[in-house]
Amino acid sequence: MIMKNRFLQLACAAIITSIGFISCSKDSGTVTIITSTSVNSLNSAGSDGHFSFYSLETGQQIASSDSATAKWDIAFRSTTILINGGTSGPANGGAFVQRGVTFDTYNTISTDSTFKIDGINGVVRAIPTGSGNGWYSYNFSTDIISPIAGNILIVRTASGKYAKVEIQSYYQNAPTMPDANSVSRYYTFRYVFQANGTKTFN
Amino acid sequence: MFKHIVTIGFCCFTITTFAQQNKTTADTLQAKNNLDEVVVTATRSERKLSNVAVPVTIINKKTIQQSGSLRLNDILNEQAGLFITNSFGSGLQMQGLSPDYTLILIDGEPVVGRTSGVLDLSRIAVANIKKIEIVKGPSSSLYGSDAMAGVVNIITENPYQNTYGASLRYGSFGVTDISANTTVIKNKFNLSAQGNFYNNNGYNLNPSSSAQTLDPFYNYTLQAKAGYKFSDKTKWTVNARYFNQLQTTNPYKDVDASNNAFVFSGNETTKDVNISNTLEHKFSSAVKSYLRIYYTDYQSATNQSYIYNNPSNNIYYNDYFEQTFTRLENQTDIAITSKSNLIIGGGWIFDNVKSNRYDESIVTKKNNIGYLFSQYDWQINNWWNVIAGMRYDYNQNYASHVSPKLAMQFIPVKKLKINASIGGGFKAPDFRQLYLNFTNTSAGTGYTVLGNNEVAAGMQLLQRQGQIQSVNQVFYNAALQPLQPETSTGINLGFNYTFTKKINLNINFFRNDVNNLITTSPIAQKTNNSFVYSYFNLNKVYTQGFETEIIYKPIKAIQISVGYQLLYTADKHDIDSIKSSAGVYGRDNGVVYRLTLKDYKGLFDRSKHSANIKIYYENKNGWFANLREIYRSGWGVQDLDGNLLLNRGDLFTKDFFQTNISIGKFFNNGLKVQAGCDNVFNWKDIINSPNIPGALFYAGISYSFTQHKK
């Protein structure tokens, strides 16, 4: 029902570079509580040791000085993704990796789904790290990180609402065929945020 | 990723033998009908090619020379179904199986020294060998470990008349090849010796990079074969070979993680010694025995150091690897009746490896292998031949293994020969898979690889040091199990039909099922985000297809051959995953879809179709010319959608086309001139085939003098 128009999405993506993030607006003219957003090349290099914090609810990047608040929902640093809950943040966020679905057709979070939270010392993460465990696979012969097709992240935000997130690329400007020269740690992802607190996305 | 390691490929059946030629020239090798040629590799005894029940290809000296091939990879690349891989040197993919699974022999004795399972074929000069025999399908029943896909045997010339000769060739990229050889026969003693020097200036396919695509190198090979005939019953032969190569790393500029420029340079030396001793004795007209002692030593050392902005200890990368392999073997051939022969044999192998790859310092690892083999060959009647063989390998470091084989030949009508064989192959875990304990510091990524024997202690240490961020429990548990040998079953069914003296058709269907494939995969992720890898038996793969060749000789001076191979490969685990209710998802042009079996493309690095057309011409006046076309359909090189298997939407190479031509003339006085071009149309794929620099032109001259026996 929502899906912002694709042209706008592309236009927004084209404007933003490197540290860019982008929140495309809701469909103009209709009142909806579902937002679809594409984020292009969010820098997660963590060169200062900090994660890059992001609010799915507002579509804004959040300053790392606000890391101890409920302002952010997910955070990125290289291949690690945190949620705002458990040992990672003060809010009640959670997440799990839904395997074997396509982003567009996944519309309902089943009632028996368990949202995980980040545990101690990063031993347990809501979104597990490691090749093949969570959102990506690592190919050591090419040294390339590829998002696993069919795996999406189901996130409970800091405010207890729900979003589905698909990581599309780990490389700057999301090249179709990343190679040794591609710059890594740049997240390109899209997500749908349901603002009314229900577990449906349509 | 495991698919990369598990590379499995394809194969084709080619009996490529050159026929017609000028009787007046000195080094003419007359091959009347290639089916009359004698092969030794398939049964460890001399048999006519037409009488061998397993797929065999012979490439003779004339084909090698007229094709202008210098190294083993040059000539094997022109055989349909043989795929030359290009990581860790030029490896050979055969019958759908990766380079790890083909045994390379020189005069029946194994060549050792593999990197990541690959034996670099370019180490072997082929200009002066007698012929190459290629046996396809599992041959572990005769040769033991590694002969899972097949065996390539380089047969050197036996000294039979006094000769001397020399040749010189120069071509693109400074490729210079100089050879000299001599043979002396004196009463009961004979000696042949030859030397070869090869230089390549290297090339750079990517001008924006300061690193050469191929660093310059040169090598030389010295070879000698001596024989002494004590009596008509007793003969002694010694065969020695020495290879030495030096490759220089041109100064290479790069930047480190903090963006500081640095430069390093260095070199890599490779040495290879092979010495074999054979004492042959005929106890009676029915019993003949061979006692063989073989020693080989392979050494490779890489030393690269910083020459600008030296960060600490001046060492950029140091690698040392040495393998010594000593084998004592007896083989006895017994003619039980005029129609049945028995071969029995046994031996002991001392296999030692000394390297810094297994630990921080240089350590030595040893393995001892004992084996027994036998083969019974029974010509039941004039249309039915049966060969049954079996080999038992005892291994100090892991379980012993039995490899059986059964082959049959039927000749229902005179023009048709049907060959059927089934055999077991195996490959023992190698030193690297058992003992590797390596953390890469030079690449800046800091990944760790732990062999099977090291994984428990290695992981405990890393965990104690707090270096482990997360563990892939499934793979880690698998890695803790003792490694088993990889095993295979191969079936070949071949038909050879001679339409007329001018046309011969060969077709061979094959299927290989490999179990317990040793794969490598991350077992844990370190806190620095790099991975810990180990080895474990996991995958089951198959390769199947057929290979065919038609040889047509329209007139005496011309031979045309057309070869083709169709290959299907799959990892059975991938197929199960695709069929499972959870399914596997892929991404094609950004669109995520659920895979069907149709979307699955099998194993990486395999061409589904490969073909060649070769035309050889030679007339009575000594002129020769040839045209060889090689085609391979694109092969999968990289997973792009994180599902780790190869499917629609992943990265494939473009189709491979190469056209090679050569022209030359033999003169009556033993002189030969030749010029040619490989890859006439300048096919290139800089990313996926950096071993192919484009068109290569060359010209050469050789002289050969033979003192004919009176």
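I want to confirm something. Restricting to the stretch B:591-602 and keeping residues that are within 14 Å of chain A (Cβ to nearest Cβ) and assigned to a loop (DSSP other than H, G, I, E, B), which single residue is surrounded by the most Cβ atoms within 10 Å (Cβ to Cβ)? Among those residues, the one meeting the criterion is B:Leu595. Listed here are the strands (runs of 3 or more DSSP E) enclosed by the stretch B:636-709 that have at least 3 residues being of a type outside the set (Lys, Arg) and under 30 Å from B:Leu595 (Cα atoms): B:636-638. The single condition among (1) outside any strand (DSSP E or B); (2) buried (at least 24 other Cβ atoms within 10 Å of the Cβ) that B:Ile555 does not meet is (2). In this structure, B:Ala582 does not qualify as within 11 Å of chain A (Cβ to nearest Cβ) and surrounded by 24 or more Cβ atoms within 10 Å (Cβ to Cβ). Checked against (1) under 29 Å from the mean Cα position of the chain (by Cα); (2) modelled with pLDDT of 90 or more; (3) more than 29 Å from B:Gly150 (Cβ to Cβ), B:Phe438 passes all but condition (2).
Each row is one residue, and each column tells you yes or no for (1) more than 29 Å from B:Thr500 (Cβ to Cβ); (2) part of a strand (DSSP E or B).
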position: B:Trp378; (1), (2): yes, yes
position: B:Gly389; (1), (2): yes, yes
position: B:Ala399; (1), (2): yes, no
position: B:Lys417; (1), (2): no, yes
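Check every one of the helices (runs of 4 or more DSSP H) wholly within the stretch B:1-93 and list those with 3 or more residues that are at pLDDT 90 or above and of a type in the set (S, T, N, Q).
Details: elements: B:2-5, B:61-66, B:72-76.
Because the criterion is at least 3 residues that are at pLDDT 90 or above and of a type in the set (S, T, N, Q), the helices (runs of 4 or more DSSP H) in the stretch B:1-93 that meet it are B:61-66.
Among the residues making up the stretch B:251-262, those that are outside any loop (DSSP other than H, G, I, E, B) and surrounded by fewer than 16 Cβ atoms within 10 Å (Cβ to Cβ) are B:Pro251, B:Lys253, B:Asp254, B:Val255, B:Ala261. Scanning the stretch B:140-167 for residues that are more than 17 Å from B:Gln223 (Cα to Cα) and touching a helix residue (DSSP H, G or I) at 6+ places or on another chain (Cβ under 9 Å) turns up B:Asp146, B:Ala147, B:Met148, B:Ala149, B:Gly150, B:Val151, B:Val152.
Could you tell me whether B:Tyr394 is in contact (Cβ under 8 Å) with a residue 24 or more places away in the chain and either under 24 Å from B:Val135 (Cα atoms) or surrounded by fewer than 20 Cβ atoms within 10 Å (Cβ to Cβ) (or both)? So B:Tyr394 passes the test. If you filter the stretch A:40-66 down to residues that are of a type in the set (Ser, Thr, Tyr) and outside any loop (DSSP other than H, G, I, E, B), you find that the one that is nearest to A:Ala163 (Cα to Cα) is A:Ser55. Looking for something of a type outside the set (Ser, Thr, Tyr), surrounded by fewer than 21 Cβ atoms within 10 Å (Cβ to Cβ), touching a Phe, Trp or Tyr at 6+ places or on another chain (Cβ under 8 Å) and in contact (Cβ under 8 Å) with a residue 40 or more places away in the chain - is there at least one such residue anywhere in the stretch A:118-141? Checked against the condition, which is being of a type outside the set (Ser, Thr, Tyr), surrounded by fewer than 21 Cβ atoms within 10 Å (Cβ to Cβ), touching a Phe, Trp or Tyr at 6+ places or on another chain (Cβ under 8 Å) and in contact (Cβ under 8 Å) with a residue 40 or more places away in the chain, the stretch A:118-141 yields no hits at all. Is it the case that some residue within the stretch B:518-529 is surrounded by fewer than 24 Cβ atoms within 10 Å (Cβ to Cβ), charged (D, E, K, R) and not in a strand (DSSP E or B)? Scanning the stretch B:518-529 turns up no residue that is surrounded by fewer than 24 Cβ atoms within 10 Å (Cβ to Cβ), charged (D, E, K, R) and not in a strand (DSSP E or B). Hey, can you tell me all the residues within the stretch B:123-158 that are crowded, with 21+ Cβ neighbours inside 10 Å, in a loop (DSSP other than H, G, I, E, B) and not charged (D, E, K, R)? Passing the criteria: B:Ile124, B:Val126, B:Ala127, B:Asn128, B:Gly137, B:Pro138, B:Ser139, B:Gly144, B:Ser145, B:Ala147, B:Met148, B:Ala149.
Going by the structure shown, is B:Tyr552 under 21 Å from B:Asp605 (Cα atoms), of a type in the set (Ser, Thr, Tyr) and modelled with pLDDT of 95 or more? In short, no.
Candidates in the stretch B:327-357 are the residues that are out of contact with any helix residue (DSSP H, G or I) (no Cβ under 9 Å at 6 or more places or on another chain), touching a residue at least 24 places away in the same chain (Cβ under 8 Å) and not in a strand (DSSP E or B); of these, the one that is surrounded by the most Cβ atoms within 10 Å (Cβ to Cβ) is B:Asn356.
Being among the aliphatic types (A, V, I, L, M), under 22 Å from B:Asn529 (Cβ atoms) and more than 14 Å from every other protein chain (Cβ to nearest Cβ) is the filter here, so list the residues in the stretch A:40-86 that pass it. A:Leu42, A:Ile74, A:Ala75, A:Ile83, listed by residue number.
Restricting the stretch A:159-184 to residues that are within 14 Å of another protein chain (Cβ to nearest Cβ) and of a type in the set (D, E, K, R), the residue that is nearest to the chain's Cα centre (by Cα) is A:Glu166.
For the stretch A:185-202, the tally of residues that are under 14 Å from the mean Cα position of the chain (by Cα), away from chain B (no Cβ under 13 Å) and more than 21 Å from A:Asn84 (Cβ to Cβ) stands at 1. A:Arg156 meets the conditions (1) out of contact with any Ser or Thr (no Cβ under 6 Å at 6 or more places or on another chain); (2) within 14 Å of chain B (Cβ to nearest Cβ); (3) charged (D, E, K, R) in every case but one. The failed one is (2). Count of the stretch A:92-146 residues, restricted to those that are of a type in the set (D, E, K, R), within 19 Å of B:Tyr585 (Cβ to Cβ) and more than 11 Å from chain B (Cβ to nearest Cβ), is 0. Of the helices (runs of 4 or more DSSP H) lying entirely inside the stretch B:427-498, those containing at least 3 residues that are in contact with a Lys or Arg (Cβ under 9 Å, 6 or more places away or on another chain) are B:431-435. Would you confirm, using the coordinates I've provided, whether B:Gln245 is of a type outside the set (Ser, Thr, Tyr) and in a loop (DSSP other than H, G, I, E, B)? Answer is no for this residue.
Among the residues making up the stretch B:468-495, those that are without any contact (Cβ under 8 Å) to a residue 60 or more places away in the chain, aliphatic (A, V, I, L, M) and surrounded by fewer than 21 Cβ atoms within 10 Å (Cβ to Cβ) are B:Val471, B:Val474, B:Leu480. Screening B:Gly642 on (1) within 14 Å of chain A (Cβ to nearest Cβ); (2) farther than 19 Å from B:Asp571 by Cβ shows it passes everything except condition (2). Restricting B:Lys417, B:Lys366 to those that are surrounded by 14 or more Cβ atoms within 10 Å (Cβ to Cβ) and charged (D, E, K, R) reduces the list to B:Lys417. Once the stretch B:496-517 is narrowed to residues that are touching an Asp or Glu at 6+ places or on another chain (Cβ under 6 Å) and farther than 19 Å from B:Ala420 by Cβ, the residue that is surrounded by the most Cβ atoms within 10 Å (Cβ to Cβ) is B:Leu517. Is it the case, given these coordinates, that B:Tyr170 is assigned to a strand (DSSP E or B), modelled with pLDDT of 95 or more and over 24 Å from B:Asn274 (Cα atoms)? Yes: the conditions hold for B:Tyr170.
The values are calculated or read from the model by the stated rules, or taken from the named source; none is laboratory data. Here the structure is a predicted model, which means the values were calculated and not measured. Methodologically, a virtual Cβ is constructed for each residue, glycine included, from the backbone with ideal geometry; neighbour enumeration extends over all protein chains shown.
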